[in-house]
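Colleague: Sending over a structure as structure tokens; questions will come in a sec.
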DNA sequence: ATGGTGGCACCGCCA
């Protein structure tokens, strides 16, 4: 069975419904994981999304900030929304893809929006950075304790707001003290990855000396020409899924669409 | 070296 999944920080789901439609039309993914929906659940554009063919939704939104959602053509079960750091922020939703094909065990999808962390990379001085590190610590212990569930086949996607490797940013040297690429965050993220042996599929598919970005600031005069990007969005799979043939692809074109998000969608396609 | 843009909701906050 072929499955395709897109993760995308959409930066307002209501404002960018036309772009969501364009994306779904162009790539026809089975599952779409959104971050920064910026939309309370009561105002979520469910009927418009259903018209695109996504009858199953797991949404965790709030007014104005954050917000995540899983849109799916495949039925979703065991929907779970965890609040990290007791903040009540809408930064996580997970669900099982209830695959109908015979002998197909479910695949659990985790969709995360990790705190950006503010500007100053010092937890003593900047509570937002402390929150980011605390959030990552809690992710790690949650997965270590297996409180996230016992399913072997798992996908973790989302805006993790960290670009871990040298060529995940346009200038390793210039960004070493910039939040999203500091060594302390990268170490925290690596601990989360190790908690379940998650495989960083995007980087697996692109050589470590090649640049790979998913985000370009709105503040650049010409984002594409300057190309000062960062790889903030990720596709991780559990070891049980990593053996299946798969591909990941950054839909860079979408960054240049009309009134775009500052993040490009990332496509993950595999056969199981 | 600085400030640049964007979304939401409120008259600033967050990214």
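The values are calculated or read from the model by the stated rules, or taken from the named source; none is laboratory data. Remember, it's a predicted structure, so these values are computed and weren't measured experimentally. With ideal geometry, Cβ positions are generated from the backbone for all residues, glycine too; neighbour counts draw on all protein chains shown.
Colleague: Scanning region A:137-180 for residues that are within 14 Å of DNA strand B (Cβ to nearest atom) and over 20 Å from residue A:8 (Cα atoms), which turns out surrounded by the fewest Cβ atoms within 10 Å (Cβ to Cβ)?
Modeller: A:173
Colleague: Only one of A:191, A:132, A:128, A:173 is under 14 Å from residue A:236 (Cβ atoms), at pLDDT 95 or above and part of a helix (DSSP H, G or I); which?
Modeller: Every option except A:191 fails the conditions.
Colleague: Among A:185, A:258, A:210, which is modelled with pLDDT of 95 or more, over 23 Å from residue A:140 (Cα atoms), within 16 Å of DNA strand B (Cβ to nearest atom) and touching a helix residue (DSSP H, G or I) at 6+ places or on another chain (Cβ under 9 Å)?
Modeller: After applying the criteria, what remains is A:258.
Colleague: Kindly indicate which of A:221, A:193 is crowded, with 16+ Cβ neighbours inside 10 Å and more than 20 Å from residue A:8 (Cβ to Cβ).
Modeller: Working: A:221 fails: crowded, with 16+ Cβ neighbours inside 10 Å.
Among A:221, A:193, only A:193 is crowded, with 16+ Cβ neighbours inside 10 Å and more than 20 Å from residue A:8 (Cβ to Cβ).
Table: residues versus (1) surrounded by fewer than 18 Cβ atoms within 10 Å (Cβ to Cβ); (2) within 16 Å of DNA strand B (Cβ to nearest atom).
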position: A:14; (1), (2): yes, yes
position: A:17; (1), (2): yes, yes
position: A:22; (1), (2): yes, yes
position: A:25; (1), (2): yes, no
position: A:28; (1), (2): yes, no
position: A:33; (1), (2): no, no
position: A:41; (1), (2): yes, yes
position: A:50; (1), (2): yes, no
position: A:55; (1), (2): yes, no
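Colleague: Report, ordered by the first and then the second residue, all pairs with beta carbons closer than 7 Å, sequence separation of six or more or different chains, a first member in region A:83-95 that is more than 16 Å from residue A:160 (Cα to Cα), and a second member that is modelled with pLDDT of 95 or more and exposed (fewer than 15 other Cβ atoms within 10 Å of the Cβ).
Modeller: Final answer for the pair search is A:95/A:77; A:95/A:78.
Colleague: Here is a further query. If only one of A:70, A:79 is in contact (Cβ under 8 Å) with a residue 40 or more places away in the chain, more than 14 Å from residue A:114 (Cα to Cα) and more than 16 Å from DNA strand B (Cβ to nearest atom), which one is it?
Modeller: Numbers: A:79 fails: in contact (Cβ under 8 Å) with a residue 40 or more places away in the chain.
Just one listed residue meets the conditions, A:70.
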